[in-house]
1. Pull up the range 93-121, narrow it to residues that are in contact (Cβ under 8 Å) with a residue 60 or more places away in the chain and not hydrophobic (A, V, I, L, M, F, W, C), then point me to the one that is farthest from GLY143 (Cα to Cα).
2. Checking the conditions here, which among GLY179, GLY154 is surrounded by fewer than 21 Cβ atoms within 10 Å (Cβ to Cβ) and without any contact (Cβ under 8 Å) to a residue 12 or more places away in the chain?
3. Residues that are touching a strand residue (DSSP E or B) at 6+ places or on another chain (Cβ under 6 Å) and modelled with pLDDT of 95 or more: list the helices (runs of 4 or more DSSP H) wholly contained in the range 119-224 that include at least 1 such residues.
4. What pairs can you find where one residue is in the range 70-92 and closer than 17 Å to GLY154 by Cα and of a type in the set (A, V, I, L, M), the other is in a loop (DSSP other than H, G, I, E, B) and modelled with pLDDT of 95 or more, and their Cβ atoms are less than 6 Å apart, with a gap of 6+ or different chains?
5. Please determine, by comparing only the residues of the range 191-237 that are of a type in the set (S, T, N, Q) and within 16 Å of the ligand (Cβ to nearest atom), which one is nearest to the chain's Cα centre (by Cα).
6. Here is a check on your reading of the model: is GLY179 within 16 Å of the ligand (Cβ to nearest atom) and under 19 Å from the mean Cα position of the chain (by Cα)?
7. For SER235, state whether it is polar (S, T, N, Q), in contact with a helix residue (DSSP H, G or I) (Cβ under 6 Å, 6 or more places away or on another chain) and part of a loop (DSSP other than H, G, I, E, B).
8. Would you be able to say whether some residue in the range 1-11 is more than 20 Å from the chain's Cα centre (by Cα), under 19 Å from LEU99 (Cβ atoms) and either at pLDDT 95 or above or not in a helix (DSSP H, G or I) (or both)?
Amino acid sequence: MTNTLISIAIVVAIVAVFATRFVLKHMRRKRARRAPFPDNWLKIITRNLPVYKKLPRELQAQLQEAVKIFLAEKTFEGYEGVVIDDEIRLTVASQACLLILNRKNNYYPHLDTICIYPSAFLEKDPGPDGRRHARIGESWTRGSVVLAWDHSKGDARNFHDGHNVVIHEFSHQLDQLDGSSDGAPILEDRSCYQSWANVLSKDYMKLRKKVKNRQRDILDEYGATNPAEFFAVASEVFFERPDAMKKKHPELFEELKRYYKVAPEEWL
Ligand SMILES: [Zn+2]
């Protein structure tokens, strides 16, 4: 009997902890949604992310709301002398939130911290060759995204060359939501998976072949590393060079358009 009571007490305590967390999160989001979007935040976004001005008003409003919630929930940490300020927070958050417009989402639920280095940094663990290589971004399965600030800012301002480290790393976060980094994020409907797998694997194999034959593509050769990198590289091009992708990789473009639920070809 005593054991039964202890078990019940433990279950009640666990439920209470989860319920409290849920309520606190809900209240924090409600507060963030209600808060006005500060003028200096808008100034930073329009200056550092020029594509913002080209978004339809409805998407601008969605982006502002997502940014408020993102900033209320995530922590930024500066390394190697970086002092976190509004410019860093807004420039990263606004790009990250471009990926979650028009979607039912939970604002990168596995992500707690964004670590900012001034420039390229050494990866945490040595690669297969035993050496630590320089990186401009990393996305960890649980908890963190690491970014080089100079690239994060430069890529936001130059939003048309198909290279964007923030889009790259946050598309990894979306891919990793189901626990594995494999280029297959959670899709809206079970019926979408077959077509996603067919199209992405076909274009991934084509890119591998091109890289092997030293031929260029609008997708960076880094996308030929593995399916996860292919999805991240394709996401960069989808948002920054949608017209070129529509022309050169029409099926891939349609899959990504269905997934991201936006039409970036209309913003440029
Ligand atoms: Zn990557």
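1. ASN102
2. GLY154
3. Filter on the range 119-224 gives 149-157, 165-175.
4. VAL82/PRO118
5. Per the criteria, the residue is SER235.
6. no
7. It is false that SER235 is polar (S, T, N, Q), in contact with a helix residue (DSSP H, G or I) (Cβ under 6 Å, 6 or more places away or on another chain) and part of a loop (DSSP other than H, G, I, E, B).
8. No: the range 1-11 contains no residue that is more than 20 Å from the chain's Cα centre (by Cα), under 19 Å from LEU99 (Cβ atoms) and either at pLDDT 95 or above or not in a helix (DSSP H, G or I) (or both).
The values are calculated or read from the model by the stated rules, or taken from the named source; none is laboratory data. Please read these numbers as outputs of a predicted model, since none were measured by experiment. Backbone-built Cβ (ideal geometry, glycine too); neighbour counts: all protein chains shown.
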